[in-house]
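We did not get these values from a lab; they are worked out from the coordinates using the rules stated. Note that the coordinates shown come from a computational prediction; the quantities given were computed from them, not determined experimentally. Positions of Cβ are backbone-derived with ideal geometry, glycine not excepted, and every protein chain shown enters the neighbour counts.
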Amino acid sequence: MVFDLNTILEFISGIFLLIGCFLCISGGVGILRFPDFFTRMHAVGVTDTLAAGMILVGLMLQSPDGMVVIKLIMILLMTLFINPTASHALAKAAINNGLQPIADNKEKNKKESNHQESESSNR
Amino acid sequence: MLMGLYNYWVVVVLMMIGFYIVIAHGNLIKKIVGLTIFQTSVFIFYISMSKVDGGTAPILVDGVEVYSNPLPHVLILTAIVVGIATTALALALTVRIKEAYGSIEESDIQNQDNLIQDAHSQDALSKASSTDGSASQDDSSQVKHSGEN
Amino acid sequence: MKDLYAVAMLAGIYGLLSAAFFVAMDAVDVAITEASVGAGISTLLMFVVITMTGRSESTVRHKPLLALVVVFITGGLLIYGTLDMPYFGATDAPIHTHVAPRYINDSMQEIGVINIVTSVLASYRAFDTFGEVLVIFTAGVGVLALLSVVRRREDDESIDSTNESLHEKHLILRIVSKMLIPFILLFALYVQFHGDFGPGGGFQAGVIFASAIFLYTLLFGLNSARRVINQSFIQLIAALGVLLYGCVGVVSLLNGGNFFDYNMLASDPIAGQHIGILLIEWGIGCTVASVMVIFFFNFAGRHEDQKNAQSEEESKC
């Protein structure tokens with residue numbers, strides 16, 4: 001196999017694209033399997049941004065033209081700005097509407113049940 | 001033959017879904033969403049007809065011989081924008097209906113319309129009976145006047 | 001599905017998926033328009049209306065059997081009708097043999113623009129596009145007639161104080177959007193002027209420009225957005241866009257050609273075509289952007305008016 005620049009570039013861009021696809025799929029599995037709204041959003045927000053970044057870098061390595069690379073860099077910057085902000089906006093809207101994360105509730109429930117157990121054992 | 005025509009069948013299925021939503025649901029917002037689904041299925045119909053096997057987007061570049069047909073693209077561009085204009089007007093009408101009738105369910109609006117119509121016909125009947133009495137009085141007074149003249 | 005917010009969200013996702021389908025069908029101009037309009041503006045307007053009309057559907061449902069029967073009969077007839085149609089992607093279908101080859105082959109010599117969709121939209125079929133711009137303008141006028149409210153003028157001080165109090169609450173969103181809005185406006189201008197060379201054109205640019213203004217309005221409040229962009233100015237721009245479009249046609253009439261014959265606009269026909277396409281795309285962009293802003297300001301203004309009326313009633317009681 002000839003190890004010239006083109007083959008190496010294609011190989012590396014293929015690796016980036018595959019990592020991006022795997023991250024997207026794992027984000028999708030996360031939406032389906034996580035128990036709560038906030039954990040689901042965490043799964044999607046992080047993995048989708050990174051996946052989009054990986055796919056864009058993979059495409060950058062494959063493109064022949066300088067103009068296309070600059071446009072892809074700009075798209076990458078925009079995505080890095082906009083995706084986390086959108087997740088933040090969703091979480092803020094959920095909290096404003098009264099949705100509480102499960103972890104807080106579980107701790108409260110545990111404390112309450114501990115109190116009740118200790119009270120009933122004291123009586 | 002099946003594999004050559006499946007795009008039309010997908011379009012027909014989408015169109016029928018949109019049609020069913022418009023006629024079977026009573027909520028006005030859902031009807032508007034059904035209309036949007038119907039419109040988009042028509043767009044998909046035209047655009048799928050314009051695709052040519054092995055063609056690319058209709059932007060002239062060197063080295064490409066076969067282009068997809070640009071004419072349906074132009075028609076659908078116009079249609080999308082007209083569709084959003086219609087949807088916006090429909091939503092504005094929905095807001096006004098909600099303010100006037102208090103609900104956006106078709107059955108509630110129909111009930112209120114029937115009540116209003118019954119009230120109007122009752123008013124019209126009572127007015128007609130009162131005007132009949134006054135009209136006969138007018139005629140008799142005119143006869144008297146003409147008799148005097 | 002009873003929650004109307006979910007219904008509107010799903011409709012937006014449907015619009016986005018159909019935009020992806022259009023890209024797969026090589027219809028890139030249409031895909032940009034459908035993505036921005038169907039997945040952006042239409043979902044936003046539906047959300048504003050659902051805020052005003054109630055979130056969930058009440059459960060009165062009559063029997064859907066008759067509707068199902070009608071739907072199945074119609075669907076069956078339509079499928080029977082499609083059995084004669086040409087196959088998907090066939091190159092010898094009648095649709096590809098009459099006018100389209102002339103557009104594809106002669107568009108470069110006659111007009112000199114490499115995006116064939118723009119050349120057909122703006123030059124060969126400019127009259128249809130004129131009708132479309134008029135339809136958008138009429139919709140804007142209709143929404144103004146249905147939903148406009150006479151608003152009381154708030155002083156600048158109260159607007160500033162409201163802004164200050166909300167600033168801490170929405171800090172991240174405000175800062176990020178303040179950084180992004182110039183780029184969105186720049187992108188709208190890029191799409192507008194790039195319509196000759198790639199996918200783009202007046203409609204898409206107008207919608208993207210309006211969406212930047214929506215972002216500002218959503219985060220900073222309707223009153224401060226109205227301070228930035230005056231309502232009467234927007235209405236003037238909408239009318240000026242249509243006027244510009246019509247004037248291009250009338251000027252070519254006065255110069256001796258047909259209505260919308262751009263060859264008469266300059267000494268060189270190709271230069272005339274370029275000037276004509278530039279001017280009418282500019283008119284389309286102005287009208288579409290201002291009508292979208294009119295839509296949003298009037299819907300949101302009506303909602304604020306309802307809220308103010310409710311709070312006044314409650315304070316009186």
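Under a Gaussian network description of chain B, with springs only between Cα atoms under 10 Å, the residue in B:Lys31, B:Lys98, B:Lys127 that fluctuates furthest is B:Lys127.
Note on C:Asp106 and C:Leu222: the model spin-label points, each 7 Å out from Cα along the C-beta direction, lie 5.2 nm apart.
Annotation note: chymotrypsin sites (Phe, Trp or Tyr not before Pro) in segment A:1-37 located in DSSP loop regions with a Cβ neighbour count of at most 16 within 10 Å are A:Phe3.
In this structure, the residue pairs whose Cα-Cα separation is over 25 Å, taken from B:Lys30/B:Lys51; B:Lys30/C:Lys178; B:Lys30/B:Lys98; B:Lys30/C:Lys169, are B:Lys30/B:Lys51; B:Lys30/C:Lys178; B:Lys30/C:Lys169. Taking the Cβ-Cβ separation of C:Met179 and C:Ile114 as r and a Förster radius of 25 Å, what is the calculated FRET efficiency to the nearest 0.05? So the FRET efficiency works out to roughly 0.15. For a modelled paramagnetic label at A:Glu10, 7 Å from Cα along Cα-to-Cβ, the residues of segment A:56-97 in reach, with backbone nitrogen under 13 Å, are A:62-63.
What's the angle, to the nearest 10 degrees (0 to 90), between helix C:42-53's Cα axis and the longest principal axis of chain C? Helix C:42-53 sits roughly 30 degrees off the main axis of chain C. Backbone N atoms of segment C:296-317 closer than 14 Å to the 7 Å Cα→Cβ label point of B:Asp108 are not found in any residue. Taking label points 7 Å from Cα along the Cα-to-Cβ direction, C:Cys247 and C:Phe47 give a separation of 3.8 nm. Rounded to the nearest 500, the 222 nm mean residue ellipticity of chain C from helices alone is -24500 deg cm²/dmol, with -39,500 (n - 2.57) taken per DSSP H run of at least 4 residues. Backbone phi angles across segment C:18-23, fed through the Karplus curve with coefficients 6.51, -1.76 and 1.60 (θ = phi - 60°), yield HN-Hα couplings of 5, 5, 5, 5, 5, 5 Hz in residue order; Gly and Pro are listed as x.
Adding -39500 (n - 2.57) for every DSSP H run of four residues or longer, then dividing by how many residues chain B holds, sets the calculated 222 nm ellipticity at -29000 deg cm²/dmol.
Helices assigned as whole DSSP H runs in chain B whose Cα atoms extend at least 15 Å along their own long axis and whose mean Kyte-Doolittle hydropathy is 1.6 or higher are found at B:2-24. If you plug the beta carbon distance of C:Phe127 and C:His194 into 1/(1 + (r/R0)^6) with R0 = 25 Å, you get a FRET efficiency near 0.55. Taking θ as phi - 60° and the Karplus parameters 6.51, -1.76 and 1.60, the scalar couplings of segment C:196-205 work out to 6, 10, x, x, x, x, x, 5, 4, 5 Hz in sequence order, x denoting glycine and proline. Once the C-beta distance of C:Arg55 and C:Gln231 is scaled by a Förster radius of 35 Å, the resulting FRET efficiency is 0.75 to the nearest 0.05. For B:Asn27, the amide hydrogen comes within under 5 Å of the amide hydrogens of B:Glu106, counting only partners 5 or more places away or on other chains and with H modelled in the peptide plane. Averaging the sequence gap over all C-alpha pairs within less than 8 Å and six or more residues apart, then dividing by the number of residues, gives segment C:114-316 a relative contact order of 31 percent.
The overall shape of the protein assembly as shown, judged from the alpha-carbon gyration tensor, is oblate: a/c is not under 1.5, and a/b is no greater than b/c.
Its Cα centre serving as origin, segment C:1-85 has a Cβ charge dipole (Lys and Arg +1, Asp and Glu -1) of approximately 520 debye. Rounded to whole numbers, the Karplus 3J(HN,Hα) couplings from phi for segment C:241-248 are x, 5, 5, 4, 4, x, 5, 4 Hz, using 6.51 cos²θ - 1.76 cosθ + 1.60 with θ = phi - 60°, and x at Gly and Pro. Remark: mean inter-chain Cβ contacts per residue of B:92-98 equal 6, using a 10 Å Cβ-Cβ cutoff to other protein chain atoms.
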